[in-house]
Amino acid sequence: MSFSFRILDRSVAYTGAELRAGWVSEQTGLPGDAGAGFVGPCDVPNQNLVDLDDARAGEFIRARSMAHVIAEHPACSLEVAVLRQRLLVAILGDVLSREGRLARRDGDDIYYDGRKLTVSIAAPARASCLIHLGINVDPSGAPVAAVGLGEMGLDPRRVLEELLSRYGHELATAAHATKKVKTVP
């Protein structure tokens, strides 16, 4: 499997409306399994939430600045997308660890110093599944106790570059692993 990505040069505000089929290709020109990384404010009102439990609870997502990843995987089941989402989040935890920032992963969330660093969701579309991962840079305005990459002294674009590069590598090596084994009785 080939996964390509591009880090956008411009700031993009994330409202939840960006989590839709075709958005990654429109922004990057990349077809197929692809991702876009970008930095910008986050303000997802309740009506744009994809997580039905959070929407019913009246929640919203907000931060002055986040490093965002949107990945689109055509012909992907939701179960596979959720597993890929968790792989992406686990890779982020490893990236932070390599920078000397030991974080705790709980499902699809990362916590640092007891505060929430990320928001994440995997969602189905008609012919693909999408993943959004938002990593706080400046969590001002967040509705929960939150921490950001700024406070941690980490450059958001560098984190996005390493995260997406390693994610693509994991997907490629996993695809290779499926081709190098024989069927067992």
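Tell me, yes or no, whether the range 138-155 has at least one residue that is closer than 19 Å to GLY37 by Cβ, assigned to a strand (DSSP E or B) and touching a His at 6+ places or on another chain (Cβ under 6 Å). Checking the range 138-155: not a single residue is closer than 19 Å to GLY37 by Cβ, assigned to a strand (DSSP E or B) and touching a His at 6+ places or on another chain (Cβ under 6 Å). Considering the range 123-148, the residues that are among the hydrophobic types (A, V, I, L, M, F, W, C) and more than 18 Å from ASP43 (Cα to Cα) include one that is nearest to the chain's Cα centre (by Cα), namely LEU130. The set of residues in the range 150-163 that are farther than 23 Å from ASP51 by Cβ and touching a residue at least 60 places away in the same chain (Cβ under 8 Å) comprises GLY150, PRO156, ARG157, VAL159, GLU161, GLU162. Taking every residue in the range 101-130 that is touching a residue at least 40 places away in the same chain (Cβ under 8 Å) and in a strand (DSSP E or B) and pairing it with any residue that is surrounded by 17 or more Cβ atoms within 10 Å (Cβ to Cβ) and among the polar types (S, T, N, Q), at least 6 positions away or on another chain, the pairs with Cβ-Cβ distances below 7 Å are ALA122/GLN85. Each residue in the range 52-100 was checked for being outside any loop (DSSP other than H, G, I, E, B) and in contact with a strand residue (DSSP E or B) (Cβ under 8 Å, 6 or more places away or on another chain), and 26 of them qualify. Could you identify the single residue in ALA63, ALA67, ALA90, ALA57 that is in contact with a Cys (Cβ under 6 Å, 6 or more places away or on another chain), under 23 Å from TYR111 (Cβ atoms) and of a type in the set (Gly, Ala, Ser)? Step by step, each of ALA63, ALA67, ALA90, ALA57 is checked, and only ALA63 is in contact with a Cys (Cβ under 6 Å, 6 or more places away or on another chain), under 23 Å from TYR111 (Cβ atoms) and of a type in the set (Gly, Ala, Ser).
Listed by first and then second residue, the pairs with beta-carbon distance under 8 Å, at least 6 apart or on different chains, first residue in the range 23-36 and farther than 12 Å from ILE131 by Cα, second part of a loop (DSSP other than H, G, I, E, B), are SER25/PRO31; GLN27/LEU8; GLN27/VAL12; THR28/LEU8; GLY32/SER2.
Values quoted throughout were computed directly from the atomic coordinates according to the rules given, and no laboratory measurement underlies them. Predicted model, so just to flag it, every value in this text is computed and none were measured. Reconstructed Cβ throughout: ideal geometry from the backbone, glycine too, with neighbour counts over all protein chains shown.
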